[in-house]
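Please read the structure below before turning to the comments.
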Amino acid sequence: RRQRATIHIQRVLRGHFGRVFAVLYRRVVNMAASKIESHYKALIEYRMVRAFRALMVAAAIRCQAAIRGYLAKSYLEWMIINGIAATKIQRIWRAFLARRVFHLLRITFLAQTHITPAVLWMQQMSRRFIARSAYIKTLAEHVHTSVVIPASMLLQRTWWGHLAKKIANKKRMFRDNATEIQRHVRGFVKRRWIARVKQYMKECFAVTEISRVFRGFVEREIHRRRREKHYHFTRTVPCSIIVQARYRGYVARRNIARRKIEWLAGLKIQLQFRLLMAKREASNRWLMLLETARQNAALVIQMAFRCHSARVAFEVMRIAIVGKRIYAARVVLRAWLRSRDGAKFRQLKEAWEVEKSAEVLMELNEERSEVLEDLEDIRFDILDQRHSMSLAEKRIVHIKRFKLEAELRIPKVERELEDLNAEEVQQGWGSAYDDELERLTNMLALSAEELRLQKVKVRKCKDKIQALQLEMEDVEADLDENAVRECAEFELLRRMELQRADKKAEEHWRGRVRREICKWAVPDVRRNVIRRTRYDLEEYKEAAQKYKPNHILTTVSYQKRADWSKDEKHIVNKMERKQRKIIYKHHRQEGQDNTKIRSAYDSVISGCMEILHQSTFEMRHEKTDVREDPETSRRLFGRAPLDPPIEDEGGEEGDELGGTSS
């Protein structure tokens, strides 16, 4: 008992501690959510401030541009108006000056005699007018330089200062508000935390005090119950046994006397009643025997008739089942033969395709060996031609050097011949110089001819090298085409291997499905297994209960309940179809009809098209398109859905085979 009480106390205390911890956890979770929300709001405010600042800077830039544009337009308009006015003033002033000059020339003669004071006065007035015009022009320029430009700069500075003060005031207000909110929130969080700590200390002390009081109560209760148990076994039980013995003896004697009287009276009553019941039982048995005889006769007749009907129905069913089995056996045999022949044909076809690819690869290998040999021969020929060209160029350099030396030697020889005297001629120097001059002249002619021949040889070598390079490019193109074809053949082999693996996996999966279908061949089992995971059908069924009529609850008719079951299935199917349409529409909006995905895909493809066009090999070498040859494309890439079917690909299975497989 003490152990059970201890376990009970522990369970109660642990439950209490768990509830307290759950309450504290909920409060801490709310506080964490509040703190996360406050930080998130602060981040949003900071982003809004940054956006507002960027907006204000953009607005200030636009205002500056508008104001500066307005000032520039105003200044340009002022310049245009003043320019037109200045042009008119100049034109009028020049006309006036021309008239004045004419008048001055006309009255020059008179000015020398009588009109000298008038002329002086007119000069004074004209000079005053000219000085006044120059002063007005200078004043206008000074006003524009000293007033208009500083005024515009002052307006800009004042506007910028106003915007900066406005932004600074708003930032200061946001900062002060954020600081005040943080101070209040932190104070509130600290007070809540201190209150929770105090509450937790109080609860711990209360738990300890409750445990102490409860343990004292348990100990006192155990001591009291032990004392009561001892008193019960030593005093109460012996006294009770003695009292019970006396009382039971008295009750037994009284019951025996009463039962003796009752037994005599019951014996008389039972005798009369049993006589009456025996008579009634005899009549009932006679009637039952008659009924049994009638039922046995009817049963014999029914058994004979039912045996005859059962034998006739069994014979009909046996004949029908035997016919169905024979037909099914024929269908299965025909399907098995077709499946076996189709599998053998597919194996032979795969072996033939592999053998054909191997032959193509061997041919490509031989062709590549020949192309590599041709490439080595071309490179050797290019090296030979370059060696011959280098020798010819060296010879051209020697010939040019000889021509230069010979052209320098000929004048010296001629000068020596002119300077010879009779003694030197008698000594043989004349004939030697003549011979040398003749040989140099002939050698110059021959060197010019040889120089032309060597240049022709160099040109021929260059032409041969260029032709060999073109041939090497053609051979390299053939080698690339050979490599492409080889890669295509290897890709074909890999694709055939993958197709074989897919076919094996599909056959394995079909076998598993077939075994599972045979295992779960009962429709009810399949339906129940599928419905175990369809929780949505249960929800639809619960939702359909609101359409249930009230008279179904009180009716005892089976047909009404069956009708309501059909209606309920119809409502559930309708809800399922509606939800399926909603899900399909959602998937279509998120996938096929999503403009963002389509635009992103189009932009990626359009961005890659230029790279693909630039990096393709088609610009420098033209390849044959295998898609032009239907047989090669079908062998490399498989048959397309729209291609005409091939008659030798194993044939199609008949309707009976398709029905049996399904």
> Looking at the stretch 137-178, which of its residues are farther than 22 Å from ILE67 by Cα and surrounded by 11 or more Cβ atoms within 10 Å (Cβ to Cβ)?
Replying inline: LYS137, ALA140, LYS170, LYS171, PHE174, ARG175, ASN177, ALA178
>> Being of a type in the set (A, V, I, L, M, F, W, C), surrounded by 12 or more Cβ atoms within 10 Å (Cβ to Cβ) and in contact (Cβ under 8 Å) with a residue 40 or more places away in the chain is the requirement here; does VAL425 meet it?
In response: no
> Scanning for something over 15 Å from ILE465 (Cβ atoms), of a type outside the set (Phe, Trp, Tyr) and either surrounded by 15 or more Cβ atoms within 10 Å (Cβ to Cβ) or in contact (Cβ under 8 Å) with a residue 60 or more places away in the chain (or both), does the stretch 382-395 turn up at least one residue?
Replying inline: yes
> When both residues are 6+ apart or on different chains and their Cβ atoms are under 9 Å apart, which pairs have a first residue that lies in the stretch 79-102 and is modelled with pLDDT under 80 and among the polar types (S, T, N, Q), and a second that is open to solvent by less than 100 Å² (accessible area, probe 1.4 Å) and part of a helix (DSSP H, G or I)?
Replying inline: ASN82/ALA140
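To keep it simple, each residue is scored yes or no on (1) at pLDDT 85 or above; (2) over 30 Å from LYS349 (Cα atoms).
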{"residue": "GLN499", "(1), (2)": "yes, no"}
{"residue": "ALA505", "(1), (2)": "yes, no"}
{"residue": "VAL513", "(1), (2)": "no, no"}
{"residue": "CYS518", "(1), (2)": "no, yes"}
{"residue": "GLU538", "(1), (2)": "no, yes"}
{"residue": "PRO549", "(1), (2)": "no, yes"}
> What number goes with the only condition from (1) polar (S, T, N, Q); (2) open to solvent by 60 Å² or more (accessible area, probe 1.4 Å); (3) at pLDDT 80 or above that ASN255 does not pass?
Replying inline: (2)
> Can you pull out the residues in the stretch 179-205 that are of a type in the set (Val, Ile, Thr) and surrounded by 13 or more Cβ atoms within 10 Å (Cβ to Cβ)?
Replying inline: ILE181, VAL185, VAL189
> From the residues in the stretch 343-358 that are in contact (Cβ under 8 Å) with a residue 24 or more places away in the chain and within 42 Å of the chain's Cα centre (by Cα), which one is nearest to GLU491 (Cα to Cα)?
Replying inline: SER357
> Out of all the residues in the stretch 442-465, which are loosely packed, with under 12 Cβ neighbours inside 10 Å and under 60 Å from the mean Cα position of the chain (by Cα)?
Replying inline: ASP463
>> Of everything in the stretch 57-77, what is within 17 Å of THR158 (Cα to Cα) and of a type in the set (Lys, Arg)? Give them in sequence order.
In response: ARG62, ARG68
> Would you pick out the residues in the stretch 60-78 that are open to solvent by 50 Å² or more (accessible area, probe 1.4 Å), of a type in the set (Gly, Ala, Ser) and modelled with pLDDT under 80?
Replying inline: ALA65, ALA72
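The values are calculated or read from the model by the stated rules, or taken from the named source; none is laboratory data. These figures come from a predicted structure and were not determined experimentally. Cβ atoms come from the backbone with ideal geometry, glycine included; neighbour counts cover every protein chain shown. Note: accessible area is taken over every heavy atom of the protein model, side chains too, but ligands, DNA and RNA are not part of it. Shrake-Rupley method; radii C 1.70, N 1.55, O 1.52, S 1.80 Å.
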